[in-house]
Every structure is written in C-alpha cells, then in structure tokens.
Amino acid sequence: MTTFDSLFQVSNHGTQAVGLYIGDDGTDTVSFSVDGDSVEGSTNAATVEVGETVVVDLEVDTTGGDVPDDYSDITIVADETLAGTSASDSNTVYVSQSAASADYQSIQAAVDALATRSETTAIVAGETFDEDVKVTTSGVTLRSEGGTEVTGGFDLSADDVTLSGFTLSGQTSLYGSGNTAVYVRGTSGHSLVNNSFVSPTIDGEQTKGLLVQTNSNSTGLSVANNDFDGYTQGVYLNAQNEAAFTNNTFSNNVVGIAGIDTDSVATVTENVFEGNTTESVGVFNGDLEAHRNDFNASNAAAINNYGSTTVNAQNNWWGATSANDAEATINTNSADGPVNYQPFAPKPFNSATVSVAADDNLQQKINSARPGDTVKVAAGTFEGSIDVLADGLTLTGAGEGETVVDASGVEDYGLSVKSDGFTLSDLTVLGPPPETYGYGVKVSDKPRELTGVTVSSVTVQGSGRSELDFNYVSDVTIEDVTLDGDGTGGVGLGITECHDAEINGLTTTGNTWGGVGLYSYGPGDSSYVRDTDGVTFTGENSFGETAAVYEQPAENVRNVSIPSMTHTVSLVDGGYMWYFGSLQAAEDFVSSSDDLTTSNTSIEAL
C-alpha cells in the first residue's frame, strides 16, 4: 500500500457550500480521501464550506489487483446539492424580507437570535437590506444566498465572524466619521470572503471598505477573494493589527490598502491592484510582506513606504518588465523607505485566455485583453493591420499557414507591437505590398524601451520593407521564424538599437537588402539613443540571401556572435560589415559587387 499525502488541495471560492467527490475512475486500486474518509463517488461527498480549503490524499493498493499504467485524468465534482449545509439545515437560519419560509426578516434580527440559539449560520436571501448590522456573538457566519446587497455597514464586535458573498457599500458611519462597509472593533479571527465592496458616492466624505480599529491588537483577519472598488481607502488596517489579504482585487480606489502602521503586520499575496489613484499599498512603519501580486501599470504607484522598516516585496508584477520601470512604480509621493522588490515577475500572475473565432474581429478581441492575458486565435484569415498595446500579452494562433493576418491590402504594417513582455507565436503575417515600404511585424514604442519580447513559430511574408523589425528593444528571443521577402525590399530581420537578442532556427529568403540587418543610427544622428549590443545566433539558421547578416554602421554594433560565420567583409572607411560562412563566399561577394573592390574593403577571419 502506497500513500501520497496532500496530493492536491481544493478551495471553495464560491458563494455557497458544495459537496466534493471524485468521479468513478474505473479501478479499485486507487482511492482518494479527505481527512481519512473516502471521497469516491457522490455518496461519499465531503462538504467544503465557503472559503474553506480541503486537502485530498491518494492511496494506491499495490498488493493485489491491476494498478493502471496511465492514471493522468480524474474527474472532480463540486455539487451544491450534496453540501452539508443549506437554507434548510438544522445549523442555519434563513433571512428574507419576503419569503414565507424566512426565520427572520432582517440580518440584525437573525444575528441577535443566534446569541441564544444553537445555530451559528444565517443564510441571507438575494435581496437589498438597508440596515446596519452589529455582531456581538462570536463564531457567527453570515452567508449570502447570492445577490445580497447591504447598503449599511457591519460592525464586528465579537470574534470569529465570517461574511461571505455580499455586495457591500457602507453608506453609514460606524466609527464616528467617514463611511465604512465593515468595521472590525477590537476583535479577531474574522474571515471576509467572496464579497464585493463598492463605494458609495457621498460628497465631501471619505469612504472605507474595511476599517480595523486602531491599536486594538486584532489578529487572524483573513480577507480573500473580494473586490474593493472606488473607495478613499479600500482597506485601512491601522496600528497594532494583523491581517492577510489573498486573491482580492483593489481597483479605482484612492489607496488600495492603507494604514499599515506601527506594529501592524500585513501579508499581501496573489492580489490584483489597478487604477488606484494615489497608491496601491501605503506603509507607515508597519511590517508588509507582498508577493505574487499584480500591480498593473494603471496605478499611480504600487507601494509607497513612508517609514523606515524594509518592505519585503519580491516576486510581484510591477506593470513593467524592466528594472527601471518597475522601480519607478515604488516610492512616489515623497515616500523613500526601503522596498526590496527584486527579483520581480516578468509577467502578471492573474491572466485569462481570450478566444478568437474565425469570424471575430481580431483587433477588438486584442483590445479587450488585459495585461498578461493570452489571445488564442483560431484558424482563419484576418484582414487588416493589428495593434498590440497591452503589456505582457501573448498572441498565439493555430499554426503557421493556419492563422493568417493578411495586411497585403494596407500600407503601413501587418502587426504593430508596443507591448512589454509580448509573445507572438504560431501564425503567419502577410505584410504590406512592395510599393508601400511597410513592415510585416514592427516591434517598437520608442522613446519607451520595450523588453522581454519573444517571436516563435511565425512566418512573415511579402512585406515592402522588413519582414520583422525591432527598434529599441531589449531581451529579444526569436525562435523557429521564417522571413520570406518574396523579392521585396528591406531585410528579413531588422534589429536597431537593441540589446541582448538571441536568435535560433531563423530562416530568411527573398529579402533584397539581406537576411539580417543590425543597425544603430550612430552618434550625430538625431534619432540615435544607443548602440546595438549583444546579438547571439544559436542552433541552425538558414540564410537564402548573399548578404546573410550585416552591420550598419559597424562601429555602433557590438558583441555579435554567429558561430556559423567564419569571415567578415568591412568597408575600409567604416560603415558596413557583412558576415560570411567561408573565405570564398566573402571574396565572391566583393568581386561580384559594382561598388566594392579589394582596395576599399577588408576581409577578416573571425
């Protein structure tokens, strides 16, 4: 008998309890359990309450019977009808202003009654309740049936209270000034899960989604899977309190999480911050641990540390892929406390897949994607130019020749990329025709430097200028790419003022200027920013042009490595340098040219 403890976990992020079980797997030798009890089949379903996480163990009987060689797929079922709690269970009371089956017509009445009843949970109907609720009994759970809105506020004056599934605004003053949706009054052990905090609009008044009483030594506060939108402060923690914030979204607040003050401890993980107009998180001499969060570029600032305690904020997405841009999101607004933000994530943690059907508008679908999303495009032909602006985006097709962006009827470009951390894969781009001098794929947002761009398994064909062109980009990866000029002008691959490009499996053909052009405008040109530095070719690359790879001007292109090339041809007076795979190829290039001679060129071995 072989046992695998803690094989995986299942968390309930919904609004009601569910019964969890494993579907029939067709074998008796493999079994799953939770807390030692089987969860095989619906009759053995384990109840998972809202906000609860259960650990699933695996046991394999190797003493007899057939153990399957391939056991890669299981069916996990979550069925609310099999949960151990519902509106009719003996451990709950039901709150509704209209239902005949209701035990109470107000939330406050139900909470007051739970102080003397054996039940601990109140299930609240999907209605709007215009009331303030003060909880003075410990261990109470208030759970929305779905669609429950409370316009007043909750005052948590007893320990271990759970609020789940509500829409909360806080159109009331619970603590003397300002409007607050949930006020933790010197108590501990609370769980706020799956709620939507939506700020009311009240002229001249500050609003707070969650406020913890200052210097109250509140501990064990868990805030998970909630939305905080539009508040002056989404959360105000205050001094001498402790809380954990997990998988929440803080959007369009002035400050997302504020008041991490003296002797307060905040653990902030796997949250999304966007559109917060002063800062996402403000720290005032408190202890902040922030990891695996997405601080999107729409925030005025990510973290402002106004104190002297070091903030540990490693492994977050800062809305940028470069260290300079990431650092620019930290300590604005006169804050200058230490923030340890490196290493940081190259892409957002929270992302989605945007599916594009053959008859969809591809540009509209790309515009709907958020930073870090994957836009997955079905087989088909999509006509016109495409713009990519969102950072961290992945645009992937069904395969080269299957998904086609057809820009043969436009004048400027097939694909214009102004996105940090962008990935393009598995499609074909037909570029603008020769008379337009347009680009197939153009990657540039100059004067902003782009970083972390990958192009793989892509064909670009027939563009009037370069098939694939990078300008002022760092950390470039090009892999298994075919660039077919089809006899048009320009180069297959153009790299201008770029740093750290790695090229593997590149095929160029039919490009009249050459296969790869490595450029820098050079000092004295008004467009010049920097040299091109660090271009490495690895693996097998194929060049159909006589001029496979060249530099212009060579004196401003540095640290180029092409193992397959053995010789270069350079102009004696400077300017161009071409790479060749043999001495004979270099000599033939000079002798066949109308402009080059043995006296104005120099051939060197690499």
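For the Cα atoms of the chain, what angle does the longest principal axis make with the long axis of helix 583-592, in degrees from 0 to 90, nearest 10?
Around 60 degrees separate the two axes.
Specify the inter-centroid distance of the stretch 388-456 and the stretch 243-266, based on alpha-carbon positions, in whole Å.
39
Could you state how much accessible area D103 has, in square angstrom rounded to the nearest 10, with a 1.4 Å probe and all protein chains kept in place?
Number for this one is 80 Å².
When the accessible area of the chain is split by element with a 1.4 Å probe, what percent falls to carbon and sulfur? Write down the numbers at each step before the final one.
Numbers: 10700 of 24830 Å².
Reported share for carbon and sulfur atoms: 43 percent.
Of the labelled options [x] 17, 37, 31, 13, 2, 0; [y] 21, 56, 23, 1; [z] 17, 49, 28, 6, 0, which one gives P(r) over Cα pairs in 20 Å bins from 0, in percent as computed for this structure?
Correct label, based on the coordinates given: [x].
Express in Å², to the nearest 10, the accessible area of H567 obtained by rolling a 1.4 Å probe over the protein heavy atoms while all chains stay in place.
Rounded to the nearest 10, that gives 30 Å².
Please arrange S31, S351, S425 by accessible surface area, largest first, computed with a 1.4 Å probe and ligands excluded.
Working: S31 40, S351 70, S425 10 Å².
The ranking, largest first, comes out as S351, S31, S425.
Could you give the C-alpha radius of gyration of the stretch 285-336 expressed as a fraction of 2.2 N^0.38 Å, taking N as the number of residues it contains?
On the way: Rg = 10.6 Å, N = 52, 2.2 N^0.38 = 9.9 Å.
Taking the Cα Rg and dividing by 2.2 N^0.38 Å, one obtains 1.07.
Rounded to the nearest 5, what is the percent of antiparallel bridges among the DSSP beta bridges in the chain? Numbers along the way, then the final one.
Values: 33 of 190 bridges.
Within the chain, antiparallel bridges account for around 15 percent of the total.
The values are calculated or read from the model by the stated rules, or taken from the named source; none is laboratory data. Quick caveat: nothing in here was measured; it's all calculated off a predicted structure. Heads up: the accessible areas ignore ligands, DNA and RNA and are worked out on the full protein's heavy atoms, side chains in. Shrake-Rupley method; radii C 1.70, N 1.55, O 1.52, S 1.80 Å.
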